[in-house]
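S.K.: Below: one structure in structure tokens.
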């Protein structure tokens, strides 16, 4: 069935009841300002953001809510069409179980609750709403960068009592749309180790041949010191060519591997600077 989630003359709203460990407004990112030291920010899982937006008829990079480790609750103050993507959670709408990658209709006063993500299925869930989340854009983006206190709602994580405005819907939103993400029936207790492909450069000459072999041949574990800026890895030390790890600061892209003074790699993510 096709319907408008929100009438064109009405401002849609979602109220935050509980925000979990960290819930942020994120979109496609703040591009073009890294040379000035401004983080790109944006969704940590850009594919999940894109899928959610497409399910509700938005532009792929419209703003949504990025929810870390569940524990969040929202009340729809107006009717809306929404989708959850990314990490699978035990989500319910007024007590009715939901699944990821499907668009749903919520009536006025409906309560959306997200539990902890299923182990092994990711950390961040995205709540995309038809019309997009509308906060004041900063440098062309609504993305929240907490360290700089810009974007989103006052440059901070969402808090209980926050009210998020929903934008105007340009095309009718459709509930019941589904994205097939493939077979998710694998036993979570037997998830395989992940092999990540690496392209060396542009500063691989700063490391010894032994250091590069160590990096490519070793197993590393993600530590609890990881965040949206980067994944800190624990494992064998990567040896530099000179014994020093100091170089001139350079622009970095998502997925760049930085090796600080302790020789332990950091995979840089959305909030890299």
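S.K.: Being without any contact (Cβ under 8 Å) to a residue 24 or more places away in the chain, within 15 Å of the chain's Cα centre (by Cα) and buried (at least 18 other Cβ atoms within 10 Å of the Cβ), is that true of even one residue in region 47-64?
M.R.: yes
S.K.: Right, next: Go through region 152-166 and give me each residue that's in contact (Cβ under 8 Å) with a residue 60 or more places away in the chain, part of a loop (DSSP other than H, G, I, E, B) and either surrounded by 12 or more Cβ atoms within 10 Å (Cβ to Cβ) or under 16 Å from the mean Cα position of the chain (by Cα) (or both).
M.R.: Listed by number, the residues that qualify are 152, 157, 158, 159, 162.
S.K.: Could you go through region 184-192 and let me know if any residue there is modelled with pLDDT of 90 or more and not in a strand (DSSP E or B).
M.R.: no
Every residue, every condition in (1) out of contact with any strand residue (DSSP E or B) (no Cβ under 9 Å at 6 or more places or on another chain); (2) over 24 Å from residue 141 (Cα atoms); (3) at pLDDT 95 or above; (4) in the same structural domain as residue 227 (by TED's automatic domain parsing), yes or no:
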position: 6; (1), (2), (3), (4): no, no, no, no
position: 25; (1), (2), (3), (4): no, no, yes, no
position: 32; (1), (2), (3), (4): yes, no, no, no
position: 66; (1), (2), (3), (4): no, no, yes, no
position: 71; (1), (2), (3), (4): no, yes, yes, no
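S.K.: Ok, one more. Any residue in region 136-148 that is closer than 22 Å to residue 166 by Cβ sitting within a Cβ distance under 6 Å of a residue that is surrounded by fewer than 16 Cβ atoms within 10 Å (Cβ to Cβ)? List the pairs, counting only those 6 or more apart or interchain.
M.R.: Between residues of region 136-148 that are closer than 22 Å to residue 166 by Cβ and residues that are surrounded by fewer than 16 Cβ atoms within 10 Å (Cβ to Cβ), there is no close pair.
S.K.: Here's a follow-up. Looking at 98, 112, which one is free of Cβ contacts under 8 Å to residues at least 24 places away in the same chain and over 30 Å from residue 253 (Cα atoms)?
M.R.: From the options 98, 112, the qualifying one is 98.
S.K.: Please go through region 26-43 and pick out each residue that is touching a residue at least 12 places away in the same chain (Cβ under 8 Å), surrounded by fewer than 23 Cβ atoms within 10 Å (Cβ to Cβ) and out of contact with any helix residue (DSSP H, G or I) (no Cβ under 9 Å at 6 or more places or on another chain).
M.R.: 31, 32, 33, 34, 35, 37, 38, 39
S.K.: Still on this structure, please answer the following. Give the residues of region 74-86 that are assigned to a loop (DSSP other than H, G, I, E, B) and under 17 Å from residue 158 (Cβ atoms), sorted by residue number.
M.R.: Passing the criteria: only 77.
The values are calculated or read from the model by the stated rules, or taken from the named source; none is laboratory data. This structure is a prediction, so every number in the text was calculated from the model and none was measured. No Cβ is skipped: glycine too gets one built from the backbone with ideal geometry, and neighbour counts run over all protein chains shown.
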